[in-house]
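Comments concern the structure below.
The values are calculated or read from the model by the stated rules, or taken from the named source; none is laboratory data. On a predicted model such as this, the values are computed, not experimentally measured, just so you know. Glycine also receives a Cβ, built like all others from the backbone with ideal geometry; neighbour counts cover every protein chain displayed.
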Amino acid sequence: MPGRNTRVTTNRRRLLQHLALIPAATLTGTPAWAEAAATGIGLVTPAVCLVTPEATEGPYYIDPKLVRADITEGKTGVGLDMALQVVSADCTPVKNARVDLWHCDAAGNYSGFGQQGSDEVSDTSKQTFLRGTQFTGEIGVCAFQTIYPGWYRGRTTHLHYKVFLDDRTVLTSQIFLPDGLSQFIYEKIAPYNERPNTRDVFNSNDGIAQDAGDGAHAAIRELGERYAAALVVGIKP
């Protein structure tokens, strides 16, 4: 008789198969040159090279000066490999761009701050979990090993990032993940499902997600017990 873990894995695969049928972003109205150029450089998602809208930084950015790919620092959760590809609006990959990534843990807490998270009492001011810096390679790609972010009241599931060129910030924005997958993880998998409350905001009613648009939603696929997410980031130097 199948055990609980087998059922969870099977249900998760079915969910990912369903999500794969939903386009990450619509290409309606995209110029043919942009689609051709995107195909030519091998984008990490089926998106095109469009300038990414700015999104609010939020109150939780710090620079711990940690150049590292693995940012988990022992935090438990579903594994997530997050790849970002930095390109210009004409589909030219941007090499050696600095990318900072940060997000909350499964309980909705960020590192480096006091009185934050859903309970507004957690103090993580001396910690640096789920934060790090990487630099893009030849085709503008960098990648982080982390965990699937949790949630906190007032916001949908998201990750934050900054892109720097020559020590100058050129883009601050956020990454969004499929609501269906987030809900599945939060309901079925520990430690996400150990929280006493349910989330109150989704992609559909999060103002920042709505302003950011389809291009801020990562493409995601299953890799065994982990997920791989990818986002193309178009900058305007």
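Residues in region 165-204 that are within 26 Å of Ile62 (Cα to Cα), part of a helix (DSSP H, G or I) and not hydroxyl-bearing (Ser, Thr, Tyr): Asn203 alone. Whenever a residue of region 49-72 is assigned to a strand (DSSP E or B), its partners that are not aromatic (Phe, Trp, Tyr), lying with C-beta atoms within less than 6 angstrom and at least six residues away or across chains, give the pairs Val51/Ala89; Val51/Gly234; Val51/Lys236; Val67/Thr133; Asp70/Gln145. Against the numbered list (1) modelled with pLDDT of 95 or more; (2) touching a helix residue (DSSP H, G or I) at 6+ places or on another chain (Cβ under 7 Å); (3) among the β-branched types (Val, Ile, Thr), Thr146 comes up short only at (2).
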